[in-house]
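Here the structure is laid out as structure tokens; the discussion comes afterwards.
The values are calculated or read from the model by the stated rules, or taken from the named source; none is laboratory data. Here the structure is a predicted model, which is why all the values come from computation and not from measurement. Cβ: placed from backbone, ideal geometry, glycine included. Neighbour counts: every protein chain shown.
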Amino acid sequence: MKFLNLNKVLCLSAHPDDVEYGVMGSMAVYGETQFDVIVLSSGGDFDKTTGGDRINECKKVWDWFENVNGEFSGYSYVKDSSEDFWVNHIETKYDVKSYDAILTLPNQDSHFEHRMVNEISYALLRGVGVGLITYRTPSTLEGWIPNYYVDVNSVIQNKIGILRESFISQKDKLYFQEKSIIDFHTNYLCSKVGVGYVEQFRVERLFG
């Protein structure tokens, strides 16, 4: 199966674990879609876990999937470079026009670097007929309203295990506790129709 019937998606992540936390179940469910992940930093400022350990944790997750390729930008923090820099950096490494969509972080988010990546995504798509989809993360605000849900019931236990076993540096953080991960994947409207665990997305634009 393919994610939204897309062949190839470019996933933008501000930090190690953004894409993995928000999208890993969909990567598992939609094995016929190629997900190329670029992580723009090795962590967050004032976060003692930033650096090589987090990079290796992400790579360990990517190795679980045949349809996922990942790369780090080589820079420490998103905030240290301008939007122009990041747009040029990504356009130099990736042929954006060759993708069906960019999967990116929401603008309605409590983390300022997530909002920066959202703005970078819009700049990348200026004058380009490529879709844009945002994905929910633990810091996404309630004002962000999803309009597409992926049923991850069949893979939720594997996802929890991979997150907990791979991201050792984050294991003491609240949002990496098993109950928090379960709660993250629960949506009341989906529960009403019998779908227990979901990953949540907002299709901002999509071309057929």
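Would you say residue 196 is loosely packed, with under 12 Cβ neighbours inside 10 Å, modelled with pLDDT under 95 and farther than 22 Å from residue 78 by Cβ?
It is false that residue 196 is loosely packed, with under 12 Cβ neighbours inside 10 Å, modelled with pLDDT under 95 and farther than 22 Å from residue 78 by Cβ.
Name the single residue, out of those in region 42-73 being at pLDDT 85 or above, over 18 Å from residue 159 (Cα atoms) and not aromatic (Phe, Trp, Tyr), that is surrounded by the fewest Cβ atoms within 10 Å (Cβ to Cβ).
Per the criteria, the residue is 71.
In region 140-194, which residues are aromatic (Phe, Trp, Tyr) and farther than 26 Å from residue 204 by Cα? Walk me through it before giving the result.
First pass over region 140-194, keeping only residues aromatic (Phe, Trp, Tyr): 144, 148-149, 167, 175-176, 184, 188.
The answer is 167, 175, 176.
Every residue in region 156-208 that is farther than 23 Å from residue 107 by Cα and among the charged types (D, E, K, R), please.
Matches in region 156-208: 159, 164, 165, 171, 172, 173, 178, 179, 192.
Exactly one of (1) touching an Asp or Glu at 6+ places or on another chain (Cβ under 6 Å); (2) of a type in the set (Lys, Arg); (3) at pLDDT below 95 is unmet by residue 115. Its number?
Status for residue 115: all satisfied but (3).
Could you give every pair whose Cβ atoms fall below 9 Å, whose first residue belongs to region 123-147 and is under 11 Å from residue 103 (Cα atoms) and assigned to a loop (DSSP other than H, G, I, E, B), and whose second residue is among the aromatic types (Phe, Trp, Tyr) and at pLDDT 95 or above, counting only separations of at least 6 or pairs across chains?
Correct list of pairs: 130/99; 136/144; 136/184; 136/201.
Tell me yes or no: at least one residue of region 99-109 is within 20 Å of residue 201 (Cα to Cα), over 15 Å from the mean Cα position of the chain (by Cα) and free of Cβ contacts under 8 Å to residues at least 40 places away in the same chain. First the steps, then the outcome.
Taking region 99-109 as the starting set, the residues that turn out to be within 20 Å of residue 201 (Cα to Cα) are 99-109.
Filter once more, so that each one left must be over 15 Å from the mean Cα position of the chain (by Cα): 99-100.
Now restrict to residues that are free of Cβ contacts under 8 Å to residues at least 40 places away in the same chain: none.
No.
Go through region 1-75 and tell me which strands (runs of 3 or more DSSP E), entirely inside it, have 3 or more residues that are touching a Gly at 6+ places or on another chain (Cβ under 9 Å), in contact (Cβ under 8 Å) with a residue 12 or more places away in the chain and not polar (S, T, N, Q). Break it down stepwise before answering.
Details: elements: 8-13, 34-39, 68-72.
Per the criteria, 34-39.
Out of 159, 179, report the one residue that is out of contact with any Pro (no Cβ under 9 Å at 6 or more places or on another chain), of a type in the set (D, E, K, R) and buried (at least 20 other Cβ atoms within 10 Å of the Cβ). Steps first, please.
Values: 179 fails: buried (at least 20 other Cβ atoms within 10 Å of the Cβ).
Exactly one of 159, 179 is out of contact with any Pro (no Cβ under 9 Å at 6 or more places or on another chain), of a type in the set (D, E, K, R) and buried (at least 20 other Cβ atoms within 10 Å of the Cβ), namely 159.
Taking only region 118-148 into account, find how many residues are farther than 15 Å from residue 14 by Cα, among the small types (Gly, Ala, Ser) and either in contact with a His (Cβ under 6 Å, 6 or more places away or on another chain) or modelled with pLDDT of 95 or more (or both).
4
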